[in-house]
């Protein structure tokens, strides 16, 4: 039981520290995905089902 | 004992969940600022595309564009192409900054910048010019 | 300057023929190596032999001019005639970079050499060299001479002529110490030049160059006249689409300092300027400079000369009109004085962000002394808000400008500024002011900004406004009075207001707004009462809201509380739902107005989604309008998440979803 709680503590500590690293960790995969999406739109690379995705601008002012 | 062990693992898994959720999450790229930059760049692209193809304008290794060989552009248009390049770079820098800002992490700007640098080159059409890691111009 | 210098190269190989020694059956020319700082000629030999001295041949082992070296330069003629002591050749050959047909005549007694090279039927170069005491002179003339032949004489890393011809003459006089005088009178046709990068290039340039350079005591004196009549040129970032430029002037060249003591420059479409100054040629740039120009055309000046340098500023796309005068003094790498006058000028931003019309300004600036400037304009606009006639008195102390206080008519009110100060430092411009806004009618204000017509007036106090490093910050609270209530704007800051993506953040606190006025304005269906609106942590990007916590709630206090049927329907539609039909189906349709106890609606905008809440929770929803009095009506919303764009759409279209009126 004691051993178990040790394991728990270690796991907890590791997951807590993992959580801490998340905050400064750059989401490379998501960034790449976002970049690809934007580049596809800007360069109009993929067929986007007709017209390029209209960015819905809110009513000006 | 077993069940306790199992429960422990579940707890650990749950604690890890935010990581997974986080990794899978998309970046916010639908703010008004990003949309307007994207639209400006999209409409500029119709003017820049032929210069990418001719090699007059190339993709730099730092995620921007540069006038690679002005001599490929008729004299009367060189100033205009220079302006296009400057405007495109201004928008690209603003785009990287806005994406970082929209996701609540202004400090990501540089990493987003370098992510884009790679993706632009990756997605460039064959025949376009880009700068390799050493800074030399290479035809794709 | 460069043209003249070049010619020495060609002249050299001819001057090598100086002393002549004759032997039986063969005349040998013996010449020592010539070594000078900019050139050297080595291994020179020449002989005249064959039957009747008919064969002439001269060789130069190495001819070097600056960085250029030619080896084995050869001049030969198989049909040389000796005629009254003169050597003549009508069919010779010159081997320099290519083999060319030449004619020459050499008179040893008079010490005159005439050489003419026919590159083609139309292209003839003629050289006449004469020497002896006290000096020598060389004259080069060309008919349709290809300018590109000069490429080899130009230094590396510079623009090179690629096409074009020249006609005219270049004459060089010299003595024992070298060149003493150069006179050139040249007409250029279809000249093209470019550097390797293509960033400095010209095409189809036609014009005339006259130059007279002579050796003075300390250096060279020059006088010149350049007339660029036709053709285009790009000199990054400037582009001149056509000719019409003219320069004439005189000055000196001492060491590497090129001086213009008196110059006059005319640029087509811009105007004329008198200038003088010194230019360090070896990369030192401009040392000092004086320029005086009157009656410059601001349109041409902006488009041709200023715009390319303003690309990243708010003045990147202007329509400029009017006239201006400028006197500019530059010493040791810095501006010491300028005096700028604008007359009837107009500066209009093509993107509609600002405009100034009828600008008359006098700005006599000095980097040491305090000066007074005055700027007037008859009208203009900023972000579509019309400005009236204004006079701004400025006190300038170097790059620190202050104005004691002035007022700008804004729509039908006035913006009063006091304590305006601006200064420039390494980090760019910074400025600050405080002031107040005298009543501006909301009708005019809302019309100017394209908002629904509002009633009431806008007035307020503007505390310290600071701008530095591209960020505008309002310290303290902005206070406005609209809709019979107060609006306090706190923590307002604006980054890159004229940049690509302006960001605004602020906290708004509105109190006691008159609902009657407000609903009338937005044609929302009449409501009576008073409300408070709070917008916390408002963030706008590119003038669109991206984040805020907003809440609308009935103000405390006692006042009549009435809500019309139309308003109920419209409120319902904010959360989505079908209230109209329900009302229409019930007896409530007979009532035009209902009483209410409280109204409350909040929206927390995050990532384009509005998280909504009301006055208090209701089963599976939230209360937006809590009924009270007779007949009373409550509105309950069930949809807590509404897309912001949808919400705006709904506000516009008034369609209904997910909200049911609870009829009591």
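Read-outs: derived from the displayed coordinates by stated rules, not from any lab. In this text, all values refer to a predicted model and were calculated from it rather than measured experimentally. Cβ atoms come from the backbone with ideal geometry, glycine included; neighbour counts cover every protein chain shown.
Give the dimensionless ratio obtained when the Cα radius of gyration of region C:310-446 is divided by 2.2 N^0.38 Å.
1.13
Taking each residue of B:36-45 in turn, how many C-beta atoms of other protein chains fall within 10 Å of its C-beta, and what is the average? Write out the running numbers ahead of the final one.
Numbers: counts 8, 6, 8, 7, 2, 5, 8, 2, 1, 4.
That works out to 5 on average.
Regarding region C:144-218, what's the average projected area of the Cα-atom convex hull, expressed in nm²? Let's see the in-between values first.
Working: hull surface 24.8 nm².
Mean projected area for region C:144-218: 6.2 nm², to one decimal.
For residue C:121 and residue C:310, calculate 0.36 nm times their separation in residues minus their Cα-Cα distance, and state this gained length in nm to one decimal.
Details: separation 189, 0.36 × 189 = 68.04 nm, distance 5.03 nm.
Here the answer is 63.0 nm.
First measure r as the distance between the Cβ atoms of residue C:517 and residue B:44, then evaluate 1/(1 + (r/R0)^6) with R0 = 41 Å and state the FRET efficiency to the nearest 0.05. Could the numbers behind the result be given before it?
On the way: r = 45 Å, r/R0 = 1.09.
Plugging the Cβ-Cβ distance into 1/(1 + (r/R0)^6) gives 0.35.
Hey, got the Cα dimensions of chain C along the principal axes, in Å, largest first?
The principal-axis extents, from largest down, are 141, 52, 32 Å.
Given a Förster distance of 51 angstrom, what is the FRET efficiency for residue C:616 paired with residue A:33, based on the Cβ-Cβ distance and rounded to 0.05?
Details: r = 42 Å, r/R0 = 0.82.
Efficiency, from the Cβ-Cβ distance: 0.75.
Please give the helix C:644-653 orientation as an angle from the longest Cα principal axis of chain C, in degrees from 0 to 90, rounded to the nearest 10.
70
For region B:29-139, list log₁₀ I(q)/I(0) at each q in 0.10 Å⁻¹, using the Debye formula over Cα point scatterers of equal strength and ignoring solvent, two decimals each.
The Debye formula, applied to the Cα set alone, gives -0.29.
Averaged across C:198-206, how many Cβ atoms of other chains sit within 10 Å of each residue's Cβ atom? Walk me through the numbers before you get to the answer.
Details: counts 10, 6, 1, 4, 1, 3, 1, 0, 0.
Partner-chain Cβ atoms within 10 Å, mean over residues of C:198-206: 3.
Determine by what factor the alpha-carbon radius of gyration of region C:248-318 differs from 2.2 N^0.38 Å, reporting the quotient.
1.32
What base-10 log of the normalised intensity I(q)/I(0) is obtained for region C:362-434 from the Debye formula, alpha carbons as equal point scatterers, at q = 0.14, 0.17 Å⁻¹?
Debye curve over Cα of region C:362-434, log10 I(q)/I(0) at q = 0.14, 0.17 Å⁻¹: -0.49, -0.70.
Based on the mean of other beta carbon atoms within 10 Å per residue, what is the order of B:95-102, B:47-54, C:283-290, C:188-195, most packed first?
Values: B:95-102: 24.0, B:47-54: 16.5, C:283-290: 13.0, C:188-195: 19.4.
The most tightly packed comes first, giving B:95-102, C:188-195, B:47-54, C:283-290.
At residue C:441 and residue C:466, where each label point lies 7 Å from the Cα along Cα→Cβ, what is the point-to-point distance in nanometres?
Taking the simple label geometry, residue C:441 and residue C:466 are separated by 3.9 nm.
How large, in Å, is region C:396-537 by the Kirkwood hydrodynamic radius built from its alpha-carbon pairs? Walk me through the numbers before you get to the answer.
Working: mean 1/r = 0.0598 Å⁻¹.
Final number for the Kirkwood radius of region C:396-537 is 16.7 Å.
Could you order the peptides C:81-89, C:259-267, B:55-63 from most to least packed, using the average number of other C-beta atoms within 10 Å per residue? Working shown, then result.
Numbers: C:81-89: 14.8, C:259-267: 17.6, B:55-63: 20.6.
Highest mean packing first, the order is B:55-63, C:259-267, C:81-89.
May I ask you to compute the full-extension gain from residue C:395 to residue C:235, defined as 0.36 nm times their residue separation minus their alpha-carbon distance, rounded to one decimal in nm? Can you show the working numbers first?
On the way: separation 160, 0.36 × 160 = 57.60 nm, distance 3.73 nm.
Separation in residues times 0.36 nm, less the Cα-Cα distance, equals 53.9 nm.
How crowded by other chains is B:70-76, given as the mean number of beta carbons from other chains within 10 Å of each beta carbon? Before the final figure, lay out each step's value.
Details: counts 9, 7, 1, 2, 3, 13, 5.
Mean shielding by partner chains, rounded to a whole number: 6.
Rg (Å, one decimal) plus Dmax (Å, integer) for the alpha carbons of region C:489-569?
In order Rg, Dmax, the Cα atoms of region C:489-569 give 15.8, 48 Å.
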